[in-house]
Amino acid sequence: MPALIPLRKPLLERLQRYVKVHTTSDAASTTVPTTPQQWDLLKLLRDEVTALGMTEISLDDKGYLFATLPATTDKKVPVLGFMAHVDTAPGCSGENVKPQVIENYGGGDIPLKGSGAVLSPKEFPALDSLHGHTLVTTDGTTLLGADDKSGIAIILSAVEYLLAHPEIPHGKIRVAFTPDEEIGRGPKHFDVKAFGADVAYTVDGGPLGELQYENFNADEGVVTFYGRSVHTGTAKGVMVNGLARACEFHNRLPAHLTPEESEGREGFIHLYNFEGTLEECRLRYLLRSFTREELADLGKMLSDTMAAMQRDYGEHCGKVEIHEQYRNMREKVEPHRYVVDIAEKVMRDFGITPLTAPIRGGTDGAQISYMGLPTPNLFTGGENFHGAFEFISLDVMEQAANVVLGIISEFAQRD
């Protein structure tokens, strides 16, 4: 088993610096990136990759930062890409992040000093496997932003090491830092041709060993109901309450097909937004399945439920629209299976058990794979993403950075 290259110091310094930059994205925005503060980190990273000595650096007007680590071998090997995103999830504040560093975690509750809450292994049993690790947590008032600033730190710490050791043979490496991943728009303006990689990895996963090349197929269902508003005192026989009909629609759906009732390879219908007035309101659903067939069935379930409502209340009472979001990357990664095989080999060489369970969600890599660039996802060590109980193990980050270096070395050795 190869010894780990010691990278804890640069990893911690980078992570602490990056998470303090406010980069929350905004699904309601029409700008690209969706929030101006994402530029702050993108420009900081542009300056950092320049100072490191990377080449072919570009930051376009959409907020996509590309850079190159030039090859140190004349051997023809695939151009390898690594990606991470700069934004943080809008569901929890990402402003004024105050990371806490817990050295040599000994077990038990971790006080989150800003809120008075505790990070407890009783609620988050993953902590029990991290005794002796250095943990970085929130102070309880914000998320941490390890999703995915840890990925940025891992990639750049690996790049920095290779730049300091030019005797290590490797092919051309392309790096990308992108905006708006958390709201599903990360790949929208990603220029695969300009990036120029043959295959790539996102470094955006969670616990030790995660290697993800399968994800949900995803659609959005938008259900609209129409009503008629009149004064409540004279409403009998005249008022049509679109809100009440929307509630009835939702209650007609199977109760077991929800995220809170599903796991593993089970799909779901998730009501994530309900807005509007008595006269016009909308329910927005996430439809998720690992197979296209089941996904189509979930969409048909919404349509069939609306058809039943239309039989009861008239064909103009409402409508259903299904919008495609992303598809299972496995279809595009499997023909390039060696990308997964190399990552698995490197992990096993380091004594890490690869965890290839499918993602009950999506990554930029899913959409980018369908744009012609196969892009599975690697672990970072983060846990409890998107909330005030988010934390990450510095020890696992170090292993992730070594896996990145190992993958680069394996590609250089390919015939």
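So, with a 1.4 angstrom probe, what is the percent of accessible area on region 217-326 that is carbon and sulfur?
The C+S portion of the solvent-accessible surface of region 217-326 is 49 percent.
Ordered from largest to smallest accessible area (heavy atoms of protein chains, 1.4 Å probe), the residues E293, E279 come out as E293, E279. Between T73 and R17, the distance separating the two model label sites (each 7 Å from Cα on the Cα→Cβ line) works out to 3.0 nm. Accessible area per residue for the chain, computed on protein heavy atoms with a 1.4 Å probe, is 43 Å².
Take every pair of alpha-carbon atoms less than 8 Å apart whose residues are at least six positions apart; their mean separation over the length of region 327-403 yields a relative contact order of 31 percent.
Histogrammed with a bin width of 10 Å, the alpha carbon distances of region 217-326 distribute as 15, 44, 28, 10, 3, 0 percent, first bin at zero.
What are the membrane-span-like helices in the chain by this rule: whole DSSP H runs, Cα extent along the axis at least 20 Å, mean Kyte-Doolittle hydropathy at least 0.0? Correct list, ordered by number: 38-52, 146-164, 394-412. The calculated 222 nm mean residue ellipticity attributable to helices in the chain amounts to -9500 deg cm²/dmol, summing -39500 (n - 2.57) over DSSP H runs of n ≥ 4 and dividing by all residues. Straight-distance candidates among the lysines for linking to K122, with alpha-carbon spacing under 26 Å and chain neighbours fewer than 8 residues away dropped: K98, K113. Quick one: grab the alpha carbon gyration tensor of region 87-227, order the square roots of its eigenvalues as a ≥ b ≥ c, and give me rounded if a/c is under 1.5, else prolate or oblate depending on whether a/b is larger than b/c. The shape class here is oblate. Surface calculation, 1.4 Å probe, protein heavy atoms: S129 sits at approximately 90 Å² accessible.
Rolling a 1.4 Å probe over the protein chains gives H270 an accessible area of about 60 Å².
How big is the Cα convex hull of region 10-142 in projection, averaged over all directions, in nm²? Spell out each step's value before the answer.
Details: hull surface 44.7 nm².
Mean orientational projected area (region 10-142, Cα hull): 11.2 nm².
Ignoring ligands, DNA and RNA, please state the percent of accessible area on region 60-190 from carbon and sulfur, probe 1.4 Å. Mind showing how you got there, number by number?
Working: 2460 of 4890 Å².
Whole-percent figure for carbon plus sulfur exposure: 50.
Measuring nothing but how far apart in sequence close Cα pairs (under 8 Å, 6+ apart) lie, relative to its length, the chain scores a relative contact order of 24 percent. By the Kirkwood approach, averaging reciprocal distances over each pair of separate Cα atoms, the chain gets a hydrodynamic radius of 22.9 Å.
The values are calculated or read from the model by the stated rules, or taken from the named source; none is laboratory data. Just so you know, these numbers come straight off a predicted model, no measurement behind them. Cβ: placed from backbone, ideal geometry, glycine included. Neighbour counts: every protein chain shown. The accessibility values were calculated without ligands, DNA or RNA, using every heavy atom of the protein model including side chains. Shrake-Rupley method; radii C 1.70, N 1.55, O 1.52, S 1.80 Å.
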